[in-house]
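Beneath this line is the structure, given in C-alpha cells, with notes to follow.
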Amino acid sequence: MSAYRHEGGCHCGAIGVLLETPRAPDHQVIGLCQCGFCRSHNARAFRDPASHLTLTAHEPEQVRHYSFGLGVSTQVICGRCGVYVAMLMRDGAGLLSVMNISTLADRSAFTHPGNPSDYDAETVAERLARRRAGWMPARLIDWPELPILP
Ligand SMILES: [Zn+2]
C-alpha cells in the first residue's frame, strides 16, 4: 500500500520511528508549529491521514510523555537523548499522531521549507476536529502505558 518507508528514531536509539507513506519525500508538506514547545525543538512536523506512523520503544524506560496546553495530547520525548519524536492523541480505540520529520535518517530528502502555523486560538473542539481530519494513524510497539488523555 505505502510506496515509501522511512526509518529513524531518537538520537540514542531508545525510540524507533517508521513512517509509511504513499508520496515521495520531496512531495510532502512540512508544518512549523509556532507554539513554544515546537519552536524550542525547532520541530519539523509531519502528518498525513494517508500515511502511517509506527513507534517502537526499544528501551521503554526511556520513553517520556509530556503534556501541556489543552492537555488533549502528549508529546513523546526520549528521556536519555532528549529528542522530540512525535505527538500522540487518542481517537476512540485508535491513536492519531504527528511526527518530527527530523527524526528520520533521510530527513534531508524532505525538502519542503515548512509552513508556519499557529493554533493558539483554537478551542478544544476545533483542535480535535482538525486533528481527526489531518493527523495520521499510529501504532505503538513495546510501549509503556500512555498517560490518561481525554
Ligand atoms: Zn534517545
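Every number in this text was worked out from the coordinates using simple rules, so none of it is lab data. Since we're looking at a predicted model, the values are computed, not measured. Because the Cβ atoms are built from the backbone with ideal geometry, glycine has one as well, and the counts that use them run over all protein chains shown.
Structure data summary
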quantity: Rounded FRET efficiency, nearest 0.05, which uses the C-beta distance separating S2 from Y66 and R0 of 25 Å; calculated: 0.30
quantity: Under 5 Å, built H, 5+ apart or other chain: amide partners of L95; calculated: A138
quantity: Gained length - L149 relative to S117, 0.36 nm times residue gap less alpha-carbon distance; calculated: 9.1 nm
quantity: Normalised convex hull volume, the stretch 25-150, alpha-carbon set, Å³ per residue; calculated: 110
quantity: Dipole of the chain, positive end: most advanced residue of G69, S102, V85 [Cβ charges, Cα centre]; calculated: G69
quantity: Residue order, fewest to most beta carbons within 10 Å, for I15, I101; calculated: I101, I15
quantity: Where no second cysteine Cβ lies under 4.7 Å, the cysteines concerned in the chain; calculated: C35
